[in-house]
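Here is the structure we will look at, set down as structure tokens.
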Amino acid sequence: MHIRSAEPLQDRNTLALPATAEALAVVHREEDLREAFAWAAAGQLPVLPLGSGSNVVLSGRLNALVVCLATTGREIIRQGDESIVLGVAAGEEWHPLVEWCLDHGYFGLENLALIPGTVGAAPIQNIGAYGVELHSFVERVHALRIDTGEPLVLSAQECEFAYRDSVFKHRLRDTLVITRVELRLSRRPDVRADYPALARSLDHSGITAPTPRDVFDAVVGIRVKRLPDPASEPNAGSFFKNPRLPMAAVRELALRFPGLPVYPHGSDEAKLPAAWMIEHCGWKGYREGAVGIHPQHALVIVNYGGGDGNAVLALADKIAHSVFGRFGVALEIEPRIYGQ
Ligand code: FAD
Ligand code: NAP
């Protein structure tokens with residue numbers, strides 16, 4: 001394993017933000033992680049795992065050993081007539097795994113097609129899209145503790161998955177590197193096609209009894225049309241989470257703002273689309289220097305070239321303030337922020 005110092009990170013984050021890692025190690029073998037942890041401890045540097053950099057805002061110098069996991073491997077742990085449990089290395093890319101599962105008749109992940117990033121990062125925010133979340137498939141998550149190098153295995157319950165959230169963003173934050181994820185998938189088609197945009201797309205194509213392949217194709221089609229490609233318009237996907245509020249507060253807001261979409265979330269909460277509120281504050285398409293809000297998607301902040309982390313966060317702050325001023329609702333930033 002080779003550790004490089006003062007390593008640029010602009011090509012390692014999808015917002016293409018300039019930043020420099022104090023040190024960086026690309027780890028191809030799980031065994032090398034312990035060596036990386038020891039190296040960081042000797043230099044009193046924290047360890048920062050980085051996948052594809054599609055859910056981070058980086059700025060300035062990151063005083064850390066950035067560890068990029070490049071481990072690969074997909075193995076069948078056990079299978080029966082109904083389901084199969086796969087063990088997948090953290091460094092694997094998410095979307096090719098979804099495609100591979102579909103090709104092999106391991107069903108369930110189709111709605112999560114085309115989400116950028118690595119398998120190891122997927123449990124961090126319990127990735128979700130088109131009515132499906134990762135937590136439904138997680139059997140166990142394997143990790144190594146950064147302080148001792150000891151292995152740790154968490155059941156799905158211990159991961160405390162919630163909406164774009166998990167124990168890895170709270171109690172276990174910055175304490176471990178996920179090395180492998182075990183997924184339980186169905187051997188029989190298990191189609192979930194009721195998410196409105198997905199149902200509309202299938203209906204539009206005249207598909208009444210969709211197969212997993214139909215769902216995969218429809219999700220890919222919608223995403224390609226609707227979401228800006230970070231390769232040409234650098235972005236980190238949705239910049240804000242959709243806020244959840246107690247039902248009583250939501251009812252009051254819905255009276256004040258007719259047309260505000262409300263999605264019940266559990267029995268006493270509802271989720272409000274942040275994009276709707278941002279758009280109604282007039283931000284869609286707004287541009288400030290090198291950064292702006294995408295003209296077709298009010299949740300996506302784009303770096304049009306030359307923007308840095310501070311510019312992105314300053315714009316996000318203005319947006320959050322204006323939404324709070326108009327709706328009284330606090331927006332929470334989804335990507336993790338690193339650097340000074
Ligand atoms: P990174 O951005 O590299 O890291 C994210 C966080 O995870 C960091 O805190 C990092 O330290 C930590 N981390 C990474 N790897 C590990 C590891 N092995 N062990 C421990 N911690 C680790 N998200 C959704 O949920 N749904 C979507 O539909 C979706 N669509 C997107 C569309 C676009 C165009 C973009 C750019 C992003 C989108 N995202 C979406 C966000 C992003 O793709 C996911 O959060 C993804 O899981 C991040 O993976 P990554 O490898 O890029 O993680
Ligand atoms: P959309 O379909 O225009 O919907 C806007 C928002 O409303 C979504 O965030 C979604 O919440 C919510 N929503 C819509 N219908 C819903 C329903 N029936 N029940 C509950 N919530 C509903 O969203 P979009 O921006 O084009 O994205 C499509 C999907 O991809 C969404 O699931 C979104 O989360 C996901 N996505 C995520 C990211 C990211 O970076 N996190 C980026 C792009 C797309 P949910 O977010 O809970 O689905």
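The values are calculated or read from the model by the stated rules, or taken from the named source; none is laboratory data. Worth saying up front: this structure is predicted, and the values here are computed from it rather than measured. When we count neighbours, we look across all protein chains shown, and the Cβ atoms used for this are built from the backbone with ideal geometry, even at glycine. The protein model used for the area step is the full one, side chains on, heavy atoms only, and it has no ligands, DNA or RNA in it. Shrake-Rupley method; radii C 1.70, N 1.55, O 1.52, S 1.80 Å.
For segment 142-149, take each phi angle, set θ = phi - 60°, evaluate the Karplus expression 6.51 cos²θ - 1.76 cosθ + 1.60, and give the result in whole Hz per residue in order, putting x for glycine and proline.
Working through the residues one at a time gives 9, 8, 10, 6, 5, 6, 10, x Hz.
Rounded, prolate or oblate, given the Cα gyration tensor of segment 184-234, with a/c below 1.5 counting as rounded?
It comes out oblate by the Cα gyration axes.
Classify segment 153-300 from the C-alpha gyration tensor, please: rounded if a/c falls under 1.5, else prolate or oblate depending on whether a/b exceeds b/c.
Rounded shape, in that the Cα axes give a/c under 1.5.
Please report, as a whole percent, how much of the solvent-accessible surface of the chain comes from carbon and sulfur atoms (probe radius 1.4 Å).
Here it works out to 50 percent.
Here is the link list: LYS241/LYS318; LYS225/LYS271; LYS241/LYS271. Which ones come out longer than 18 Å on Cα distance?
Flagged as over cut-off: LYS225/LYS271.
How many percent of DSSP beta bridges within the chain run antiparallel, rounded to 5?
If we restrict to bridges inside the chain, about 75 percent are antiparallel.
Over the chain, with the other protein chains present, what is the accessible area per residue in square angstrom, probe 1.4 angstrom?
Using a 1.4 Å probe on heavy atoms only, each residue of the chain averages 46 Å².
Do you know the relative contact order of the chain, to the nearest whole percent, from alpha carbon pairs under 8 angstrom that are 6+ apart? Each step should come with its number before you reach the end.
Details: 704 pairs, mean separation 57.0, N = 340.
Averaging sequence separation for qualifying contacts and normalising by length gives 17 percent for the chain.
Beyond 37 Å, what share of the Cα-Cα pairs of the chain is found? Please give it as a whole percent.
19
Using the Cβ atoms and a cut-off under 15 Å, what net charge is assigned to the surroundings of GLY149, where Lys and Arg are +1 and Asp and Glu are -1?
-3
Using the Karplus curve 6.51 cos²θ - 1.76 cosθ + 1.60 with θ = phi - 60°, what ³J(HN,Hα) values do you get for each residue of segment 210-225, in whole Hz, with x for Gly and Pro?
These are the phi-based 3J(HN,Hα) values: x, 8, x, 4, 4, 5, 4, 4, 5, 4, 4, x, 5, 5, 4, 6 Hz.
Along each of its three principal axes, how wide is the spread of alpha-carbon positions in segment 211-291, in whole angstrom units, largest first?
Here the spans come out as 45, 42, 19 Å, largest first.
For every other residue with a beta carbon closer than 13 angstrom to the beta carbon of ALA193, add +1 if it is Lys or Arg and -1 if Asp or Glu, then tell me the sum.
Around ALA193, the surrounding residues sum to -3.
What are the radius of gyration and Dmax of segment 1-128, computed over its Cα atoms and given in Å?
16.4, 52
Around LEU313, under 15 Å between beta carbons, what's the net of Lys plus Arg minus Asp minus Glu among the other residues?
Values: positive: LYS318, ARG336; negative: GLU288, ASP308, ASP317, GLU332, GLU334.
Within the 15 Å Cβ shell, the charges total -3.
Under the classification rounded if a/c is under 1.5, otherwise prolate if a/b is larger than b/c and oblate if not, where does segment 91-234 fall, given a ≥ b ≥ c as square roots of the Cα gyration tensor eigenvalues?
Details: a/c = 2.26, a/b = 1.79, b/c = 1.26.
It comes out prolate by the Cα gyration axes.
From the helices alone, meaning DSSP H stretches of at least four residues, give me the mean residue ellipticity at 222 nm for the chain, per-run term -39500 (n - 2.57), in deg cm²/dmol to the nearest 500.
Only helices count here, giving -7500 deg cm²/dmol.
At most 12 other C-beta atoms within 10 Å and a DSSP loop state: those are the exposed trypsin sites (Lys or Arg not before Pro) I care about. Give me the longest piece of the chain that has none.
174-340
Under 18 Å between alpha carbons, and skipping anything fewer than 8 positions from LYS169 in its own chain: which aspartates and glutamates qualify?
GLU133, ASP147, GLU158, GLU160, GLU332, GLU334
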